[in-house]
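Take a look at the structure set out below.
The values are calculated or read from the model by the stated rules, or taken from the named source; none is laboratory data. If you're wondering where the values come from, they're calculated on a predicted model, not measured in any experiment. Note that each Cβ is placed from the backbone with ideal geometry, even for glycine, and that neighbours are counted across all protein chains shown.
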Amino acid sequence: MILQRLSLTHFRSYTKRTFQFSPQSSLIVGPNAAGKTNILEAIMFCATGKSFRADADREAIRWGSEMANVKCQMTNETQLELFITSGEVQGKKAPLKKYLVNGVPRRMVDFVGNLRAVLFWPEHLELVTNSPSLRRKYLDSVLVQVDREYRRNLTSYERGLRQRNKLLDGINEGSARRSQLLFWDQLLIAAGGYLTDARAAYIDYVNSYQLPADGYQLEYDKSVISESRLEQYADEEVAAKATLVGPHRDDIVFYKENKNLSTYGSRGEQRLAVLWLKLSELSFIEKKTGERPILLLDDIFSELDETHRGLVMDLIGKQQTVLTSADRDIMAVVGKEAQVIQL
């Protein structure tokens with residue numbers, strides 16, 4: 001699977017722009033704020049159906065526009081197209097997102113998985129120490145690309161969670177009854193169980209993948225959702241107006257030789273742990289799909305020392321790679337054969 005062309009309309013900083021990519025390596029060069037990361041964000045939109053940067057996908061719509069459009073053309077004659085709106089277009093209510101495959105409208109569960117990509121951007125270097133929400137978002141971004149049932153259960157779980165939290169708010173205010181929770185409890189238990197099992201299997205795979213400098217491990221700090229746990233926290237949930245157990249409370253903890261890297265790891269150890277995670281992610285997606293995903297590297301070399309930079313450089317050439325940098329001299333590292341896209 002090779003990405004040939006990306007077309008953007010009213011997406012982030014772009015009014016209308018098309019980019020062509022090499023089957024091997026493409027280097028996007030431009031000053032800060034030129035829109036380099038926007039291009040990788042658009043590719044990931046087609047891979048995962050969501051933004052890896054924004055809290056709300058509508059933030060990707062160019063300021064002053066009502067709708068953004070992203071179109072990916074691949075060598076297997078598959079065209080993926082995504083429309084993003086704020087919920088209203090020309091004064092009429094519109095879906096927040098619309099997905100098309102070869103011009104035919106599809107649900108997100110059928111859209112995602114046609115293009116697969118592994119992203120490495122500076123914020124991922126904070127995966128070890130940043131908030132649990134970033135780590136959960138990371139897990140979802142990997143698993144939705146390789147598991148249709150994960151996509152379906154994640155969508156079901158997120159919708160059910162919103163409805164259940166509304167009911168908890170209503171119970172707290174006296175406008176709803178506890179018995180109304182039963183349907184949503186069962187939905188979250190079923191969907192949440194699938195998410196937990198899939199995340200556990202991925203973490204087991206990561207733990208089986210080792211760098212030459214090994215000793216890294218992930219611990220899955222899972223929040224299991226069940227009838228007994230929901231009953232255990234029944235009063236606390238009404239008081240909090242929120243569901244307190246389930247995969248939306250999951251976390252993963254990075255260790256090296258039984259040392260918690262978030263608390264005790266050096267900066268170098270933390271960064272090597274993230275590189276280990278990304279290498280295992282590439283391997284995992286290839287194993288699940290039989291194809292190497294596209295590798296997206298967002299100005300990552302300026303954040304790495306020489307040793308870590310070498311580990312990343314070993315990846316280039318093993319699959320289609322798209323890199324960004326503010327420094328054109330990075331060509332000396334990437335190689336002169338890389339296609340250059342100047343912004």
For segment 233-244, which positions are surrounded by fewer than 19 Cβ atoms within 10 Å (Cβ to Cβ), in contact with a Leu (Cβ under 7 Å, 6 or more places away or on another chain) and within 23 Å of Tyr194 (Cα to Cα)? Tyr233, Ala242
In segment 146-172, residues that are within 17 Å of Thr243 (Cβ to Cβ) and either charged (D, E, K, R) or modelled with pLDDT under 95 (or both) total 6
Does Glu257 meet the test of being acidic (Asp, Glu) and modelled with pLDDT of 95 or more? no
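For (1) of a type in the set (Phe, Trp, Tyr); (2) over 20 Å from the mean Cα position of the chain (by Cα), each residue gets a yes or a no:
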{"residue": "Phe19", "(1), (2)": "yes, yes"}
{"residue": "Ala34", "(1), (2)": "no, yes"}
{"residue": "Ala47", "(1), (2)": "no, no"}
{"residue": "Trp63", "(1), (2)": "yes, yes"}
{"residue": "Gln79", "(1), (2)": "no, yes"}
{"residue": "Lys93", "(1), (2)": "no, yes"}
Just checking, how many residues over segment 301-343 are within 16 Å of Gln24 (Cα to Cα) and of a type in the set (S, T, N, Q)? 5
Inspect all residues belonging to segment 273-288 and state whether any of them is more than 19 Å from the chain's Cα centre (by Cα) and in the same structural domain as Glu173 (by TED's automatic domain parsing). no
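Conditions tested, residue by residue: (1) at positive phi; (2) in a helix (DSSP H, G or I); (3) touching a Phe, Trp or Tyr at 6+ places or on another chain (Cβ under 9 Å).
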| position | (1), (2), (3) |
| --- | --- |
| Leu115 | no, no, no |
| Val118 | no, no, no |
| Val128 | no, no, yes |
| Leu134 | no, yes, no |
| Ser141 | no, yes, yes |
| Tyr150 | no, yes, yes |
| Glu158 | no, yes, no |
| Leu161 | no, yes, yes |
| Leu167 | no, yes, yes |
Before we move on, is Ser7 of a type in the set (Ser, Thr, Tyr), crowded, with 17+ Cβ neighbours inside 10 Å, in contact (Cβ under 8 Å) with a residue 60 or more places away in the chain and in contact with a helix residue (DSSP H, G or I) (Cβ under 7 Å, 6 or more places away or on another chain)? no
Scanning segment 198-246 residue by residue, those among the polar types (S, T, N, Q), at pLDDT 95 or above and part of a loop (DSSP other than H, G, I, E, B) turn out to be Ser223, Ser226, Thr243
Filtering segment 299-341 for residues that are charged (D, E, K, R), at negative phi and in contact (Cβ under 8 Å) with a residue 24 or more places away in the chain leaves a count of 7
